[in-house]
Amino acid sequence: MTKKILVLGPAWVGDMMMAQVLFKLLVQQQADVHIDVVAPPHSGPMVTRMPEIQRFIPLAIKHGEFNGRARLQMAKQLRQTHYDQAIVCPNSWKSALIPLLARIPVRTGWRGEWRYGLLTDLRILDKKTMPLMIQRYAALAFENKAILPRELPWPALSIDADSVARSLQSVSLAPPTQPVLALCPGAEFGEAKRWPAKYYAQVAKQKLDQGYAVWLFGSPKEQADAAEIMQLTDQRCVDLTGKTQLTQAIDLMSLSHCVVSNDSGLMHIAAALGKPLVAIYGSSSPFFTPPLGDKVKIVRLGLPCSPCFQRVCPLGHLKCLNDLKPEMVLDALLGVE
């Protein structure tokens, strides 16, 4: 008999990417399991490329917003599917409300803010035994206190050739005839995750001189950094920042030869595409949310003040990124290409 599971997915792009380990483990345990995912609309391009998922259900509620009427409305719609279990990835009480209102009998998740009574299968996290985010998602696929497999499946996105062709057309690009270096200079979390644009420009210049094409990826928030990179490279890069939806960004990144990225959602997408990747860490830690891939090099200074996990450097100097020079990233690229 098919087991129907509803997953309340995380809000951040990178976290949603790592949550795929949960979906993979659920399918490994029961091949005919039916998994639907509720998450913010921006997660759709990722979730629909995960073969484990039957249906993506967008939750059009802003991050941090309550909007009880919308939650109740969605819960009433979800009741019709008669799910056997809900798995709640976020730790907020709001995220646990929809499964309760949808009358899903088994509701699994970690103990968080005011969730007693909302979850029937409440787990207490031991951060020492599960230091990685991917482990915490994986554990929700098993019975409480079960021992995790030594090796966990990594995220992997499927790519459709027709979709890639449409994405190229949408930004007026021809299929590349030279290796492409993808640069991802942004990080939604804050400036303490963002390596200086002038350093990205130095990496770009060297690879351009070696015959690479360089494509810049990011949202409209990264356009100022991209403009600086374009200026410092004499407009020789292709600036895609603010010109693509996440669907197109995934398609276009699948054409890249290698990727350099800050700790961001695009970093996790690059890893899930199996791309040679250099990941730059400043205020955050690769010991919590590392990119999961075979061809990954992590570059960090490991200063005494890091990781601080702050959006803005609390000491005002941002040495964890300012002192991390382009030569370190270029050397790391040679090691993964």
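Between residues in segment 72-86 that are in the same structural domain as Phe56 (by TED's automatic domain parsing) and on the phi > 0 side of the Ramachandran plot and residues that are surrounded by 13 or more Cβ atoms within 10 Å (Cβ to Cβ) and not in a loop (DSSP other than H, G, I, E, B), which pairs lie under 8 Å by C-beta distance while being six or more apart or on different chains?
From segment 72-86, the pairs are His82/Lys4.
With respect to Val238, is the statement that it is farther than 27 Å from Ala19 by Cβ, surrounded by fewer than 23 Cβ atoms within 10 Å (Cβ to Cβ) and β-branched (Val, Ile, Thr) true?
yes
Kindly evaluate Lys145 against the criterion of being outside the structural domain of Leu25 (by TED's automatic domain parsing) and free of Cβ contacts under 8 Å to residues at least 24 places away in the same chain.
So Lys145 passes the test.
As an exercise: evaluate Arg166 against (1) in a loop (DSSP other than H, G, I, E, B); (2) at pLDDT 95 or above and give the number of the one condition it does not meet.
Looking at each condition in turn, Arg166 falls short on (1).
Could you please find all residues in segment 313-332 being touching a Lys or Arg at 6+ places or on another chain (Cβ under 9 Å) and at pLDDT below 90?
Correct list: Cys313 only.
Can you go through Ala156, Ala141, Ala201 and tell me which one is closer than 30 Å to Phe309 by Cα, in a helix (DSSP H, G or I) and of a type in the set (Gly, Ala, Ser)?
Just a single option satisfies the conditions, and that option is Ala201.
Within segment 42-81, how many residues are aromatic (Phe, Trp, Tyr) and under 19 Å from the mean Cα position of the chain (by Cα)?
So the answer is 1.
Might you check whether a residue that is crowded, with 18+ Cβ neighbours inside 10 Å and within 22 Å of the chain's Cα centre (by Cα) occurs anywhere in segment 166-180?
There is at least one residue in segment 166-180 that is crowded, with 18+ Cβ neighbours inside 10 Å and within 22 Å of the chain's Cα centre (by Cα).
How about segment 305-332: which of its residues are closer than 18 Å to Val278 by Cβ and exposed (fewer than 15 other Cβ atoms within 10 Å of the Cβ)?
Within segment 305-332, Asn322, Asp323, Lys325, Glu327, Asp331 qualify.
Count, please, the residues in segment 14-42 that happen to be free of Cβ contacts under 8 Å to residues at least 60 places away in the same chain and of a type in the set (D, E, K, R).
Residues in segment 14-42 being free of Cβ contacts under 8 Å to residues at least 60 places away in the same chain and of a type in the set (D, E, K, R): 2 in total.
Being surrounded by fewer than 19 Cβ atoms within 10 Å (Cβ to Cβ), touching a Phe, Trp or Tyr at 6+ places or on another chain (Cβ under 8 Å) and not hydroxyl-bearing (Ser, Thr, Tyr) is the filter here; which residues of segment 40-51 pass it?
Within segment 40-51, Gly44 is the sole residue that qualifies.
For residues that are outside any loop (DSSP other than H, G, I, E, B) and of a type outside the set (Phe, Trp, Tyr), scanning just segment 105-115, find the one that is nearest to Lys3 (Cα to Cα).
Result: Val106.
Could you tell me which numbered condition Ile98 fails, if it satisfies all but one of (1) surrounded by 16 or more Cβ atoms within 10 Å (Cβ to Cβ); (2) under 22 Å from Ala249 (Cβ atoms)?
With (1) surrounded by 16 or more Cβ atoms within 10 Å (Cβ to Cβ); (2) under 22 Å from Ala249 (Cβ atoms) applied to Ile98, the lone miss is (2).
What number of residues in segment 116-125 are more than 27 Å from the chain's Cα centre (by Cα) and either in a strand (DSSP E or B) or β-branched (Val, Ile, Thr) (or both)?
2
Taking the residues in segment 126-138 that are assigned to a loop (DSSP other than H, G, I, E, B) and hydrophobic (A, V, I, L, M, F, W, C) as candidates, determine which candidate is surrounded by the most Cβ atoms within 10 Å (Cβ to Cβ).
Leu132
The values are calculated or read from the model by the stated rules, or taken from the named source; none is laboratory data. Quantities reported herein were computed from a predicted structural model and do not represent experimental measurements. Note that we place each Cβ from the backbone using ideal geometry, even for glycine, and neighbour counts take in every protein chain shown.
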